[in-house]
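For reference, the structure is listed below as structure tokens.
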Amino acid sequence: MVRLGTVGSGWIVKSFLGGTKYVDGLTLAAVYSRSGKRAQQFASETGAPAYFTDLRQMAQSDGIDAVYIASPNSLHVEQSRLFLEHGKHVLCEKTVAPTRAQTEELVCLARRQGLVFLEAIVTMHLPALALLERAVKEIAPVRLARFDISQYSSKYPAYLRGELPNIFNPQFCTGSLMDMGVYCVYPAIRLFGRPKAIHASASFLESGADAAGSAIFEYDGFGAVITHCKAGTTKLGSEIIGERGTITIDSISTLQGMTLHHPDGREEALAGEDTREHIMSFEARSFYEAIGDPARNREKVEELCALACEVSGAMETIRRQAGIRFPSDIQD
């Protein structure tokens, strides 16, 4: 049995905990919130037998083996480091760090401690990913890829009213790229590797956060175009165009609605719709299995960590080119 603690009390934590119900042996042991009232309430809502308002006390607790971190981006590095140093396995929500160096630091720390550290990016654990990889080989050579995730944020009306939600506050190392664009960067690098060059731009809100942006990843023989937006919603989805067919993807963040379009007009459904909780269960299961059977899952964990570092490096390059800056960049 792996006793799990959670950091954060938003909808994503509830979705993840819903996913853990599909994983025998992964059990919720404690939750954390800075507010005692909220911590107690969230423990009651989720059925957690314990709650914490002091993160260090939680890290030192003998009552948890692993932690799922879903706090604001700006806290991810510090909190991941704290739990790893205290012998806890860590699954940290994307994006785990604003720089590649910080991501590599956490990966190396986990390795030294003999612990599992993973960035929580659900698409890398879905069965649909293997179907996508096979389909990409089938339509090769690829001539163009276009990955888009543009979704009108539920927090945007509050921003327009003059409020400053965390998601539009650069103090929290967030914005459209870090919150949404990462879902496009991951499949690009997973499918095609490190690009030869990256060209990026962004549009900004008065708060300094990026509302939308784009990047072109250059590869031998083709380019991958990445677009993301939190102030509007796409109606087109994503696609990978090859000489022997085209793959369309309705949701790049969940790999739902994937279809392979053959040159003769045939359409082959690769992945349909699924519930949010079931989608999250694959990520939870990967984390659990990596902890429970480290020898069998070591190669998979190393591959995911190497990919996380590559993605972090690409995101850092995009930020630099597009002028997306956080307070932590000032000292650079």
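Just so it is clear, none of the values below were taken in a lab; they were calculated from the coordinates. A quick note: this is a predicted structure, and the numbers were derived from the prediction, not measured. Cβ: placed from backbone, ideal geometry, glycine included. Neighbour counts: every protein chain shown.
Under the classification rounded if a/c is under 1.5, otherwise prolate if a/b is larger than b/c and oblate if not, where does the range 255-297 fall, given a ≥ b ≥ c as square roots of the Cα gyration tensor eigenvalues?
Oblate is the answer for the range 255-297, as a/c is 1.5 or above yet b/c matches or exceeds a/b.
I need the Kirkwood Rh of the range 283-329: take the reciprocal of the average 1/r across all distinct C-alpha pairs and report it in angstrom.
Roughly 12.6 Å, rounded to one decimal.
Taking the chain as the reference, fit the longest principal axis to its C-alpha atoms, fit the long axis of helix 36-46 to the helix C-alpha atoms, and give the angle between the two in degrees, 0 to 90, nearest 10.
Value to nearest ten degrees: 60.
Would you calculate, for the chain, the mean residue ellipticity at 222 nm contributed by helices, counting each DSSP H stretch of 4 or more residues as -39,500 (n - 2.57) and dividing by all residues, to the nearest 500?
-12000 deg cm²/dmol
Along the charge dipole of the range 149-238, pointing to its positive end and built from +1/-1 on Cβ of Lys, Arg, Asp and Glu, which listed residue (Phe217, Thr234, Ile198) has its Cα farthest out?
After comparing all options, I get Thr234.
Put +1 on the Cβ of each Lys and Arg and -1 on the Cβ of each Asp and Glu in the chain; which of Ala322, Met178, Val7 then has its Cα farthest toward the positive end of the dipole?
Farthest towards the positive pole: Val7.
What residues qualify as long-range amide H neighbours of Phe204, i.e. H under 5 Å apart, gap of 5 or more or another chain, H built at 1.01 Å from N?
Amide H neighbours of Phe204: Ala211.
Need the list of aspartates and glutamates near Lys300 for cross-linking: C-alpha distance under 14 angstrom, and skip anything on the same chain fewer than eight residues off.
Glu119, Glu283, Glu289
So for the range 1-160, if I pair up every lysine 8 or more residues apart or on another chain, how many of those pairs have alpha-carbons under 23 Å apart?
Value for the range 1-160: 7.
Please compute the volume of the convex hull spanned by the alpha-carbon atoms of the range 4-77 and report it per residue in Å³.
88
Only four residue types carry charge here, +1 at the Cβ of Lys and Arg and -1 at the Cβ of Asp and Glu. Report the dipole size of the range 261-332 about the Cα centre in Debye, rounded to the nearest 20.
It works out to roughly 300 debye.
Treating the angle as unsigned and between 0 and 90°, give the value, to the nearest 10°, between the Cα long axis of helix 276-292 and the longest Cα principal axis of the chain.
The answer is roughly 60 degrees.
Antiparallel versus total DSSP beta bridges in the chain: what percent is that, nearest 5?
So the antiparallel bridges amount to about 55 percent of the total.
Rounded to the nearest 20 Debye, what is the dipole magnitude of the chain about its Cα centre when Lys and Arg each give +1 and Asp and Glu each give -1 at the C-beta?
Taking the Cα centre of the chain as origin, the dipole is about 460 debye.
Based on the mean of other Cβ atoms within 10 Å per residue, sort peptides 214-225, 76-87 so the most packed one is first.
Ranked by mean Cβ neighbours within 10 Å, highest first: 76-87, 214-225.
Taking H as built 1.01 Å from N, whose amide H comes closer than 5 Å to the amide H of Ala120, not counting residues under 5 places away?
Amide H to amide H, under 5 Å and 5 or more residues apart or across chains, Ala120 pairs with Cys92, Glu93, Lys94.
So how compact is the chain: Cα radius of gyration and Dmax in angstrom?
19.7, 62
Rounding to the nearest 20 debye, state how big the charge dipole of the range 11-117 is about its Cα centre with +1 on each Lys and Arg Cβ and -1 on each Asp and Glu Cβ.
The calculated dipole for the range 11-117 is roughly 200 debye.
Can you give the relative contact order of the chain as a percent, counting alpha carbon pairs under 8 Å and 6+ residues apart?
RCO, the chain: 20 percent.
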